[in-house]
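**Q** Let me begin by handing over the structure; questions about it come next.
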Amino acid sequence: MKGKTLEEIFEAGRPADLIIADLKKKIVDIPSWEKVLVKEYEPKHHPVMDKALFPDIIEDGVCKPVTRVAFNTQKLCVKRMAGMCFGIPAEVNFQPEANNAKQEEVAKYIGAILERVRIDSVNFERAKHYFAACEAFTLWYGVKSPNTLYGFKSDIKLRCRVFSPMNGDELYPLFDEYGDLVAFSIAYSEKSNEGMVQWFDTYTSDKHYRWVNEGNGWVEENVEDITTGKIPGVYIWRPEPIWEDSSHLVYDRERKMSLNGNYIDKNNKPVFVVYADEALPFGNESVNNQEDRLILQIPTNGKAEYVTWQQSVESLKFHTDTLKSAVFEQLQIPNWSYEDMKAVRTSGEGLKQLMIDAHLKVMEESGKLKEMLDREVNVIKAFLKNMLDASYAEAIDSLQFEVVITPYIVSDEKERINNLAIANGNKPMISQKESIRLLGYSDDPEQTMRDIAEETVVDTMGL
């Protein structure tokens, strides 16, 4: 069924409740964070932690807690994937036209803006929200404050803020019949002296609407113009979390480990066993601290010893390790635990071979991430049109760029240098002065070069 257009939604005289109800109609199918995803993401919500499913033991009126082992595997998958995508910072490669000074300036300005908002940290943050909560919205806005932070005089500082269900935000994108985002709404709540206050913000290409609900229904609080000609933000979503359908493997591993913990608690106390063909009168001996030793009398052919529980460790380890490996294998996410990586003895090129599957996963995921970053640069360009004079408008619109996401890999500097040396016929690639500077041992590379030259002359003269 076709939804209402913006003109129909904001028709004059419509009640706020009806407007917000239409803006909340979400056509993208995303799992609920509160009802579904957080229960898989947070170990404390896993089934093994549920006392209704794994009840504690009541004996003689005393509650004995059972062992509960939970793993943060889903959370770890989110961190690993965010690291794979943005461990090496994403790059925006600008391509200004030859001899076009204004385009070169605009490229520098955009780079300065991204650097000032700490875009690398922002990318890490929203990647975690995206992979865990399946959606995130980054709002860009200007704060009035005269500055020269970006290489030119401006009355505005640009800021950005990430909204996500993980932060308690409700996100409502509104698409038109062609799939273009025409409005974006954010619902959130704040505490006040009178109780909880609900807010609802909607952004379109030309307006910012804000409604407030203090318990008596929605009331329009503010409407302001948006001068960028674009929704001042970027939205990204996915149909399922990065851990996909692997939670049942995690739960099974947790159950096995928890049950094993219960067995250990029950059987870890050694049992003193006496082997004899007749009943012996002991077992009720005094344990007075003044006694030097306990004396037992058993038949000549009898035997007494402590017996411990012989647990089947190997089968348990095989099963739980297999479940753990299956999670990372199915998700194409590398297992970087210390125990797994310390046994790896390979070169940088060998590590690349081990990471092929993970790199393919990054290539698969990078499509939407690049699209998000691409739109973000266009949003910044729209802000720049208001921050710079009109003579830069054409350069801003025509400036071409490319977003590059490089999958993370542990680099082997020695191998890289050797490969480059082979490629250039083993010719020098840097000067001695540059190598001294890169080493970092010398506070004054120039003086170090002079000292080396003097020592060389002395050695040559045989002094």
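The values are calculated or read from the model by the stated rules, or taken from the named source; none is laboratory data. Values in this document were obtained by computation on a predicted structure and should not be read as measured data. A quick note on method: Cβ atoms are made from the backbone with ideal geometry, for glycine too, and the neighbour counts reach across all protein chains shown.
**Q** Tell me, yes or no, whether region 72-86 has at least one residue that is more than 30 Å from Met355 (Cβ to Cβ) and in contact (Cβ under 8 Å) with a residue 24 or more places away in the chain.
**A** Checked region 72-86: no residue is more than 30 Å from Met355 (Cβ to Cβ) and in contact (Cβ under 8 Å) with a residue 24 or more places away in the chain.
**Q** Now a separate question. Say whether the condition of being more than 30 Å from Tyr263 (Cα to Cα), touching a Leu at 6+ places or on another chain (Cβ under 7 Å) and not in a helix (DSSP H, G or I) is met by at least one residue in region 68-89.
**A** No, that holds for no residue.
This table checks each residue for (1) buried (at least 16 other Cβ atoms within 10 Å of the Cβ); (2) polar (S, T, N, Q).
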residue	(1), (2)
Thr5	no, yes
Glu11	no, no
Arg14	no, no
Ile19	yes, no
Lys25	no, no
Ile30	yes, no
Trp33	yes, no
Val36	no, no
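**Q** Please verify whether region 122-144 includes one or more residues that are loosely packed, with under 13 Cβ neighbours inside 10 Å and part of a strand (DSSP E or B).
**A** yes
**Q** Within region 126-147, track down each residue that is within 20 Å of the chain's Cα centre (by Cα) and either of a type outside the set (D, E, K, R) or modelled with pLDDT under 95 (or both).
**A** Ala127, His129, Tyr130, Phe131, Ala132, Ala133, Cys134, Ala136, Phe137, Thr138, Leu139
**Q** A further question follows. Within 30 Å of Leu76 (Cβ to Cβ), in contact (Cβ under 8 Å) with a residue 12 or more places away in the chain and not in a loop (DSSP other than H, G, I, E, B) - does that describe any residue in region 204-212?
**A** no
**Q** Filter region 90-108 down to residues that are outside any helix (DSSP H, G or I) and of a type in the set (A, V, I, L, M) and give me whichever is farthest from Ala393 (Cα to Cα).
**A** So, considering only residues that are outside any helix (DSSP H, G or I) and of a type in the set (A, V, I, L, M), the one farthest from Ala393 (Cα to Cα) is Ala90.
**Q** Are there any pairs, at least 6 apart or on different chains, whose C-beta atoms fall under 9 Å, with the first in region 352-376 and assigned by TED's automatic domain parsing to the domain that holds Val234 and surrounded by 19 or more Cβ atoms within 10 Å (Cβ to Cβ) and the second assigned to a helix (DSSP H, G or I) and among the polar types (S, T, N, Q), and if so, which?
**A** Partner pairs satisfying both residue conditions: Leu369/Asn123; Leu373/Asn123.
**Q** Still on this structure, I have one more. Which one of the conditions (1) within 18 Å of the chain's Cα centre (by Cα); (2) under 14 Å from Ile380 (Cα atoms) does Ala90 fail to meet, given that it meets all the rest?
**A** The one condition Ala90 does not meet is (2).
**Q** Considering region 184-229 alone, what residues qualify as being out of contact with any Asp or Glu (no Cβ under 6 Å at 6 or more places or on another chain), farther than 21 Å from Thr138 by Cβ and surrounded by 17 or more Cβ atoms within 10 Å (Cβ to Cβ)?
**A** Correct list: Asn213 only.
**Q** Condition first: among the charged types (D, E, K, R) and in contact with a Gly (Cβ under 8 Å, 6 or more places away or on another chain). Now tell me which residues in region 174-205 satisfy that.
**A** Correct list: Glu194 only.
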